[in-house]
Amino acid sequence: MSALSDLASAGKLAPAQVEFRVLVVDDDPDMAAFLARLLGAEGMIADTVFDGETALERVAAAPPDLILLDVMLPGADGFTICEKLKGDPATAMIPIVLVTALEDQANRVRGIRAGGDDFLSKPVKREELLARVNTLRRLHETRRELEARRLAAEVQRKETLHRAFTRYVSPRLADRIIAELGDHDAPFRGAAQRVSVVALFADLRGFTRLTERTAVDEVVGLLNQYFGVITEAAYRHDGTIFGMAGDGLLVGFNVPFSQPDAAARAWKAARDMVESFSPVLAAWTARGRMATGVGIGVASGEAILGNIGSPHFMSHTIIGDAVNTAARLVRMAKPAEVLLAGPVYEAIRALIPAGAAQSLGDVALRGKTEPTPVFSVRL
Amino acid sequence: MDDEAYRVTVAKDLEDLIPVFLRNRGKELDALRAALAAADFEQLRQLGHRMKGVGTSYGFNRVSTIGKGVEDGARSGDRASLEASIAEYGDYLSKVKIAYE
């Protein structure tokens, strides 16, 4: 069970199982002891303090479920303490019963203005005390249970969203989008950012020819097998998947989270993709299918990260020179070949076994004015 | 005053609190006498108010009644009434008989 599910289950506690803590604030120790004794006999946990300032400190340290607050206190009186507690969002929801003299109508009006939830008359009658406290306890516990249910529903909703999202975007990107959901549609209206990325394009070379002589249902099954393997490889190296079209996959590194070793991660992901796909390819070959393996292009540079599309269809993706270069390289790549743009190769050359990389020289890529140095690694 | 006026019935579950309660009433009586001697009517009013709240809560109705007398006497500055109330309080505390049930 996930941590979120644990939290959701915790919210399902029955009210009777939850302890109920009352803070009794009265400068008369006999009255405080009397009230605490009666509450204790009802199974509540009563704590006593004898002035308002200490009450505020106690509430801040361990918020109780209810406060019995005497009006006449040394220093700040009960109304002032009540106003402070009700004015603080952290304590505003704690029910407060103001304890005041029976005949004191003016104080009752003041108490209502101060935010008191109920009144208890002095001298205190046992039955009246317990009736008032138990009523507030039931209200409080009902509210707490509703809050727990709301929280559990919210957790469940986020888990469902997470499961749904991670079928379309990388888990880390899904986490970020869900975390920002509290701010309405913040993830979808944020301004585009200029980012430094390492873009990796993977493509199943020869797959188009394969689809021409294979039933549609079977093509979907094969594609799912292929994407299952290479997306897992991308995630193992913390890549973020930005696009999937046909048999091509676009993975970004150093985006949306900083990765100082982005080039190394991209290289390891590329190698992992080819190696992980190898047994799948062997199975396809044994079944007489023709598919010649994964080709990969990797390039680095600036890109724009943002939500591209219309309000009705949106894609959170990267665009720019690094992406275009990686796309051009993957079209040149042969099965089980990784083509690296010069800067990426320079960043990771120490990771490549000696003699495994071959320079293809400066290559004129379509749409680019300057030739691009390209290196090939056959896996 | 007949014996009945000194009899008090206290809930059994408060029994262990009563020795402290009575000790505090004794201190309260001393404070009342001191405040009257000093003509500190505000102190007398506060002490009377406190007696009024705590007495009946524990089952000592006369403590509350006397407390109200002290509070009213302090408000009006009625020294004779205060003297009478405090004397009554001393008498009551010295003779009170408690039964627990």
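The values are calculated or read from the model by the stated rules, or taken from the named source; none is laboratory data. The structure displayed is predicted, hence computed values, not measured ones. Cβ coordinates were reconstructed from backbone atoms using ideal geometry, including for glycine residues, and neighbour counts include every protein chain displayed. Just the protein is used for accessible areas: all its heavy atoms, side chains included, with ligands, DNA and RNA removed. Shrake-Rupley method; radii C 1.70, N 1.55, O 1.52, S 1.80 Å.
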According to the square roots a ≥ b ≥ c of the eigenvalues of the Cα gyration tensor, what is the shape class of chain B, taking rounded for a/c under 1.5, prolate for a/b larger than b/c otherwise, and oblate for the remainder?
prolate
Under Stokes-Einstein, with the Kirkwood radius over Cα pairs standing in for Rh, what whole-number D in µm²/s applies to segment A:74-117 at 4 °C and 1.567 mPa s?
121 µm²/s
Run the numbers for A:Arg163 and A:Ala179: contour at 0.36 nm per residue of separation, minus the present Cα-Cα distance, in nm.
4.4 nm
Could you work out how far the C-alpha centroid of segment B:8-53 sits from that of segment A:267-289, in angstrom?
90 Å
Using per-residue counts of other Cβ atoms within 10 Å, averaged over each peptide, order A:360-368, A:339-347 from highest down.
A:339-347, A:360-368
Gain in length, A:His312 to A:Thr285, computed as 0.36 nm per residue apart minus the alpha-carbon separation, to one decimal in nm?
5.6 nm
Between rounded, prolate and oblate, where does segment B:58-101 land on the alpha carbon gyration tensor, with a ≥ b ≥ c its root eigenvalues, rounded for a/c under 1.5, else prolate if a/b exceeds b/c?
oblate
Under the definition of partner shielding as Cβ atoms of other protein chains within 10 Å of a residue Cβ, what is the mean value for peptide A:66-74?
1
I need the calculated FRET efficiency for the pair A:Glu42 and A:Ile304, taking r as the beta carbon distance and R₀ as 51 Å, to the nearest 0.05.
0.20
Tell me the per residue accessible area of the protein assembly as shown using a 1.4 Å probe; a whole number in Å² is fine.
50 Å²
Sorted largest first, the Cα spans of chain A on the principal axes come out in Å as 97, 44, 42
Using only the Cα atoms of segment A:264-364, construct the convex hull and provide its projected area averaged over every direction, in square nanometres to one decimal.
8.9 nm²
Choose one answer from A:Ala327, A:Ala101, A:Ala152: the residue with the largest mean-square fluctuation in a GNM of chain A with alpha-carbon springs under 10 Å.
A:Ala101
Summing -39500 (n - 2.57) over every DSSP H run of at least 4 residues in the protein assembly as shown and dividing by its residue count gives a helix-only mean residue ellipticity at 222 nm, to the nearest 500 deg cm²/dmol, of -16500 deg cm²/dmol
What fraction, in whole percent, of alpha-carbon pairs in segment A:199-242 exceed 14 Å separation?
55 percent
What is the distance, in nm, between label points placed 7 Å from the Cα along the Cα-to-Cβ direction at A:Asp51 and at B:Arg79?
3.3 nm
Computed over segment A:26-120, the Cα gyration tensor eigenvalues, each multiplied by 5 and square-rooted, give semi-axes in Å (largest first) of 18, 17, 13
Specify the angular offset, from 0 to 90 degrees and rounded to the nearest 10, of the alpha carbon long axis of helix B:61-76 from the longest principal axis of the alpha carbons in chain B.
10 degrees
Rounding to the nearest 20 debye, state how big the charge dipole of chain A is about its Cα centre with +1 on each Lys and Arg Cβ and -1 on each Asp and Glu Cβ.
2100 debye
Near A:Lys368, which lysines are there with a Cα under 18 Å away, not counting those fewer than 8 places off in the same chain?
none
Of A:Asn134, B:Gly53, A:Gly293, farthest towards positive along the dipole that unit charges on Lys, Arg, Asp, Glu beta carbons give the protein assembly as shown
A:Gly293
For the pair A:Val109 and B:Asn24, what calculated FRET efficiency results from E = 1/(1 + (r/R0)^6), where r is the Cβ-Cβ distance and R0 = 22 Å, to the nearest 0.05?
0.10
Straight-line reach from B:Lys12: which lysines have Cα under 28 Å away, leaving out those fewer than 8 places along the same chain?
A:Lys122, A:Lys125, B:Lys27, B:Lys52, B:Lys68, B:Lys95, B:Lys97
Just B:Arg79, B:Arg45, B:Arg23 to compare: in a GNM of chain B, with alpha carbon springs under 10 Å, which one fluctuates most?
B:Arg23
